[in-house]
Amino acid sequence: MESTLDKYAGKIERNEVNPHVRFNRLTSGLIFDPKREEVPLEILGFGVYRLGPDFVSNETGDKEVVLVPQEGEFEVQIDDKKYSGARVGGPFAVEPGQSNASAFYIPSDSRFSIRGTGEVAFFEAPALRQNLPFYISPEEATVVSRGEWIWRRDVISLISPKNASSNLIVGETYNPAGFWSGTPLHRHDRNDLAAGESDHEEVYYHRFGWKQVLGDQFGAYGVQLLMDGKSLNKAYVIGDKSAFAIPGGCHPVVSSPVSELLYLWGLAGRVSEMAMKDVPEFVHLKHFEEIFKELEGEVSSRIVNAAGFDGLAKKYSLTERQRTLLTIMLKEKGFSIG
């Protein structure tokens with residue numbers, strides 16, 4: 001969000017505020033409370049409940065809440081409605097391109113209780129209107145492949161104003177090992193839907209497929225970036241159960257080659273409609289995606305003649321720098337240009 005970024009960009013750059021918190025597995029409840037000055041968010045809250053045999057209960061008040069089980073079995077009661085389910089083995093128990101994610105939407109002015117085993121992550125934000133409780137099961141969650149090559153990822157949309165909420169937008173993204181998300185760079189910092197941009201804060205909760213064991217010095221890791229194109233330009237080494245608050249700006253993330261990455265994401269703003277605006281200087285990567293698809297669908301020999309390459313470059317109005325980059329990428333993908 002523009003106001004949140006204005007407030008916190010300088011503090012984050014000067015290391016006065018840290019947007020990265022590693023969940024310590026011992027606490028239960030809010031990790032990012034937007035009421036706290038040291039949390040670089042204004043409206044979006046995030047936390048994790050550690051479950052046990054006794055119910056954890058709470059009231060939503062003027063907020064809405066989304067629960068996303070991370071692992072284990074669970075029982076949920078929302079007012080007079082009861083649900084049960086499981087995420088056996090955690091988020092990496094299924095094959096890439098599949099999902100075992102589920103989510104509960106809890107409206108404002110509601111009381112909810114949850115118990116079971118494992119952990120449940122949650123987001124909360126001011127409700128913009130009164131809605132009904134909602135549950136999306138793993139069978140109903142859809143997986144969509146986005147991007148190409150080293151920025152290809154699977155996106156699982158769970159809760160949004162399109163199916164349940166008034167404000168919160170929640171889902172998961174799966175990154176193969178060594179791959180990027182948030183590419184091409186985009187932002188959602190201004191309430192300017194006519195220009196294709198909305199004003200939303202965001203939180204990532206990172207999970208890695210490599211479970212660290214005794215003797216591992218580092219374990220699985222990745223890198224989370226946070227940049228605003230002005231003064232904010234930071235990089236953070238992330239690990240399993242890293243929570244990252246995104247007040248605004250661009251926020252690409254990459255998994256190291258040692259483990260796949262899945263991150264839970266949640267957004268909230270002061271309007272329900274969501275729009276992400278690409279940073280213009282990186283839009284050519286979307287043209288590259290189309291070129292990759294075109295060549296891999298039509299060129300069985302993996303040889304692209306000079307005239308064909310020039311035609312593609314002209315079709316997408318590529319600059320000389322972009323042509324050079326495309327040549328490098330195509331050669332890495334096994335194509336010959338000439």
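Go through the range 10-32 and give me each residue that's within 12 Å of LEU232 (Cα to Cα) and either β-branched (Val, Ile, Thr) or at pLDDT below 95 (or both). Hit for the range 10-32 is ILE12, nothing else.
Within the range 79-104, the residues that satisfy the criterion of being at pLDDT 95 or above and under 27 Å from ARG129 (Cβ atoms) are ALA101, SER102, ALA103, PHE104.
Has the range 161-179 got at least one residue that is closer than 20 Å to ASP228 by Cα, touching a helix residue (DSSP H, G or I) at 6+ places or on another chain (Cβ under 7 Å) and in contact (Cβ under 8 Å) with a residue 60 or more places away in the chain? Scanning the range 161-179 turns up no residue that is closer than 20 Å to ASP228 by Cα, touching a helix residue (DSSP H, G or I) at 6+ places or on another chain (Cβ under 7 Å) and in contact (Cβ under 8 Å) with a residue 60 or more places away in the chain. Annotation for the range 208-215: no member residue is over 29 Å from PRO91 (Cα atoms), among the aromatic types (Phe, Trp, Tyr) and at pLDDT 95 or above. The residues of the range 74-99 that are polar (S, T, N, Q) and closer than 27 Å to ASP240 by Cβ, listed by number, are SER84, GLN98, SER99. Within the range 229-256, residues that are closer than 16 Å to ASN175 by Cβ and modelled with pLDDT of 95 or more sit with their Cβ atoms under 7 Å from residues that are of a type in the set (Gly, Ala, Ser) and in a strand (DSSP E or B), at 6+ positions apart or across chains, in these pairs: ILE238/GLY222; PRO252/SER181; VAL253/SER181; VAL253/GLY222; VAL254/GLY222; SER255/GLY222; SER256/GLY222.
Confirm whether ALA306 is touching a residue at least 40 places away in the same chain (Cβ under 8 Å) and either in contact with a helix residue (DSSP H, G or I) (Cβ under 9 Å, 6 or more places away or on another chain) or farther than 30 Å from SER165 by Cβ (or both). No, not satisfied.
Pick out the one residue from VAL68, VAL48, VAL17, VAL39 that is assigned to a loop (DSSP other than H, G, I, E, B), in contact (Cβ under 8 Å) with a residue 60 or more places away in the chain and either surrounded by 14 or more Cβ atoms within 10 Å (Cβ to Cβ) or not assigned by TED's automatic domain parsing to the domain that holds ASN191 (or both).
VAL39
Checked against (1) more than 24 Å from MET227 (Cβ to Cβ); (2) touching a residue at least 40 places away in the same chain (Cβ under 8 Å), SER28 passes all but condition (2). Screening PHE123 against (1) within 23 Å of HIS206 (Cα to Cα); (2) surrounded by fewer than 21 Cβ atoms within 10 Å (Cβ to Cβ) leaves a single unmet condition, (2). Looking only at residues of the range 252-268 that are over 16 Å from the mean Cα position of the chain (by Cα) and buried (at least 17 other Cβ atoms within 10 Å of the Cβ), we find that the one that is nearest to ASN163 (Cα to Cα) is SER259. Look at (1) modelled with pLDDT of 95 or more; (2) surrounded by fewer than 21 Cβ atoms within 10 Å (Cβ to Cβ) and you find that ALA194 fails only one, number (1).
Does VAL56 satisfy the criteria of being in the same structural domain as TYR205 (by TED's automatic domain parsing), surrounded by fewer than 18 Cβ atoms within 10 Å (Cβ to Cβ) and either under 20 Å from TRP265 (Cα atoms) or not acidic (Asp, Glu) (or both)?
Spelling it out, VAL56 is indeed in the same structural domain as TYR205 (by TED's automatic domain parsing), surrounded by fewer than 18 Cβ atoms within 10 Å (Cβ to Cβ) and either under 20 Å from TRP265 (Cα atoms) or not acidic (Asp, Glu) (or both).
Checking each residue in the range 193-219 for being touching a residue at least 40 places away in the same chain (Cβ under 8 Å) and either among the aliphatic types (A, V, I, L, M) or more than 22 Å from ASP154 (Cβ to Cβ) (or both) picks out LEU193, ALA195, GLY196, GLU197, SER198, ASP199, GLU201, VAL203. Taking the range 115-131 as the range and being assigned to a loop (DSSP other than H, G, I, E, B) and either not hydrophobic (A, V, I, L, M, F, W, C) or not assigned by TED's automatic domain parsing to the domain that holds LEU51 (or both) as the test, the residues that pass are THR117, GLY118, ARG129, GLN130, ASN131.
In the range 26-60, what residues are closer than 13 Å to ALA125 by Cβ and polar (S, T, N, Q)?
Start the filter on the range 26-60 by keeping residues that are closer than 13 Å to ALA125 by Cβ, which leaves 30, 32-35, 41-47, 60.
Selection gives THR60 alone.
Of all residues in the range 103-129, those that are on the phi > 0 side of the Ramachandran plot have Cβ atoms under 6 Å from Cβ atoms of residues that are assigned to a strand (DSSP E or B), 6 or more apart or on another chain, in GLY116/GLY72; GLY116/GLU73; GLY116/PHE74; GLY116/GLU75; GLY118/GLU71; GLY118/GLY72.
For the range 71-112, the tally of residues that are among the charged types (D, E, K, R) and not in a strand (DSSP E or B) stands at 4.
The values are calculated or read from the model by the stated rules, or taken from the named source; none is laboratory data. What you see is a predicted model, and the numbers here were worked out from it, not measured in a lab. As a convention, Cβ positions derive from the backbone with ideal geometry for all residues, glycine included, and neighbour counts pool all protein chains shown.
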